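Okay, so here's the structure we're looking at.
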Amino acid sequence: MTDTTTATSTAWPDGVIARYLTVAGATVDLTYTDGQVKATCTGERCPWEHREQTEIYYFDSDEEKARKINPVLPAAQRQAQAHAEKCRAMPRPTT
C-alpha cells in the first residue's frame, strides 16, 4: 500500500495548476510555462509528458491568462489522470 500522506499534505511547487497522484506515489503535475500547459510525471526516470499550446502573450492580464488556459485544461487533465492511473514509477526519496 502506498503512503499518500506526504504527497497529499505537502505544499505544491510554485506554478502547479493541478496535481494527480500516481499508483506508485509520484505525482503528475500540470503547469503553465512559455505558452503551454504541460503535464509532467515526477516518477523517477519516467519520461512521460503532455503539452497543450495556448495563445497567451506577455502583456495579458492574469484574468486573460486564466481565460486562455481554461479551454486547454480539460484535455491536459484527462491525459494526466490517464497516466497517473497506470504509472508505476516511484518518486525519488527525499532523504
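The values are calculated or read from the model by the stated rules, or taken from the named source; none is laboratory data. The shown structure was predicted, so the numbers you read here are calculated from the model rather than taken from an experiment. So basically every Cβ, Gly included, is an ideal-geometry build from the backbone, and we count neighbours across all protein chains shown.
Based on this model, can you work out whether residue 95 counts as within 24 Å of residue 22 (Cα to Cα) and modelled with pLDDT under 90?
Values: within 24 Å of residue 22 (Cα to Cα): yes; modelled with pLDDT under 90: yes.
Criteria met by residue 95.
Pairs are defined by a Cβ separation below 8 Å, a sequence spacing of at least 6 or placement on different chains, a first member in the stretch 77-95 that is in contact (Cβ under 8 Å) with a residue 24 or more places away in the chain, and a second member that is of a type in the set (Lys, Arg); the pairs so defined are 89/45.
Here's the yes/no breakdown for (1) among the aromatic types (Phe, Trp, Tyr); (2) in a strand (DSSP E or B):
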site	(1), (2)
25	no, no
29	no, yes
59	yes, no
64	no, no
67	no, no
